[in-house]
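Trainee: Handing you this structure, nothing more for now.
Derivation of every value follows stated rules applied to the coordinates shown; laboratory data play no part. All of these numbers come straight from a predicted model, not from anything done at the bench. Using ideal geometry, Cβ is built from the backbone for each residue, glycine included, and neighbour counts are taken over all protein chains shown.
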Amino acid sequence: MHHFIDRRSNPKGKSHGNRQRFLRRARENIKERVDRSVRDKSIQDGDGVPTDGEKVTIPSRGLKEPRFFHGSQGGNRKYVLPGNKDFVVGDTIPKPKSGAGQGGREASEDGEGDDEFSFTLTRDEYLEILFDGLELPDLVEKSTVETETIGTRRAGLTTAGTPNNLNLVRTMRNSLGRRIALRRPTAQAQADLEVEIAAMEEIKARTPAQEELLAALQARLDGLLRKRKVVGYIDPIDLRFDTHVPEKIRKSRAVVFCLMDVSGSMQEREKDLGKRFFLLLHLFLSRCYEHTELVFIRHTHHAQEVDEETFFYARETGGTIVSTALDKMREIIAERYSPDEWNIYGAQASDGENFGNDSARCKKLLLEDLLPVCQYYAYMEIVEESAEQLLSDPEAGDDLWQNYREVKSQAPHFEMQRVSHPAHIYPIFREFFLPRVKGGQNA
């Protein structure tokens, strides 16, 4: 029977296997804490996840590994532990007096009780748990766009090749095996024999026996040198070369269009909610595609493409014409992002206000120009915290919301939701990207 031993080093620590087993057993509690941290914390820089991981605290109950042990035979047993001087079998232990009981576990100095377990999730572990159960909504059955480039890959070893491709390790391994099999004399054996011959030659008056021994040693040295010449250190048969074959490398890439109303009605609270959603979307798509780009479009009564700093923090006043942002998105797609080479995603944040009859034009732009080339389009409407009726009634809303509801009824890869509080962002995001079944309904 063959025994295989995996001697590969564990990534980032010697307890990788134990850590993965622990994460699987405590996944439900960890998932709850990660979801809660996303709802509560502020995403300020980068993608909102620290590069060195995220600290998570979960209850320690249920974390012990299961084990086998010898139980008592014959059912329940009553016994008194050695050293006991106060009780005998059958005595009832009295309750502690008022105030004498501990009443629970003691709290630690940093505020964490001793019934909780804290540890740090790595960045990859945090993101895997954060987006667990989500998938890319490809409801129009449009294949993922990939670009093809010609590259090379290792295809084993060959006995012929150029010196640049010489595999030195495999060549020396073959050379060593051949020399051992053919019993090629070593350089040390030659040196020892030469020293012995030199010692014999220094004797001036050699006896006949010494002469015979010297002749035998000389003959042995001649044979050793002849064999070392015949059995070379490296033979052409030992040579091994790396071989590479061309292959097509598929590289998937996506572009995310972030559209946001920055008119006077969009205050810091509304912009902060929009930023949280855009960053979660970018983070999720970055894990799904090898290359992801962001395009920021802000609009009032006119739209412009800006950088991230201007998009989130620059102040601007004016009216609201949403169709200008959609027109700008259409222009940029035509200029830089061919649907044949890019997966296109759109995300729009607004407070629902729009000028005059512009909402009908927005519906037309989405249905005729944008949604046919988009993999997915998500609209998030930010309402006041006191607008409970709007949150509970999807049919109520302004003209823009009503027109977008008509778009949703005709395009299964268009989704819309309302939010009023930072805690709503992550649940709404998961609602956008839950696995879907045919018909556009969440699985």
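Trainee: Which of the three applies to region 258-349, rounded, prolate or oblate, going by the alpha-carbon gyration tensor with a ≥ b ≥ c and a/c under 1.5 meaning rounded?
Mentor: Oblate is the answer for region 258-349, as a/c is 1.5 or above yet b/c matches or exceeds a/b.
Trainee: Going by average Cβ density within 10 Å per residue, which order do the peptides 282-290, 188-196, 84-92 take, highest to lowest?
Mentor: Per-residue mean Cβ counts within 10 Å order the peptides as 282-290, 188-196, 84-92.
Trainee: Still on this model: Sort 334-343, 358-367 by packing, meaning the average of other beta carbons within 10 Å per residue, with the highest value first.
Mentor: The densest-packed peptide leads the list: 358-367, 334-343.
Trainee: I need the calculated FRET efficiency for the pair THR162 and SER252, taking r as the beta carbon distance and R₀ as 30 Å, to the nearest 0.05.
Mentor: It comes out at approximately 0.30.
Trainee: Between VAL231 and ARG153, what is the FRET efficiency for a Förster distance of 41 Å, r being their Cβ-Cβ separation, to the nearest 0.05?
Mentor: 0.65
Trainee: In terms of the Cα gyration tensor, with a ≥ b ≥ c the square roots of its eigenvalues, is region 329-431 rounded because a/c is under 1.5, prolate because a/b exceeds b/c, or oblate?
Mentor: Prolate shape, in that a/c is at least 1.5 and a/b is the bigger ratio.
Trainee: Further question on the same structure: How long is the gain from ARG170 to ARG25 if the chain were fully straight, where each residue apart is worth 0.36 nm and the alpha carbon distance is subtracted?
Mentor: The span from ARG170 to ARG25 would gain 47.9 nm if fully extended.
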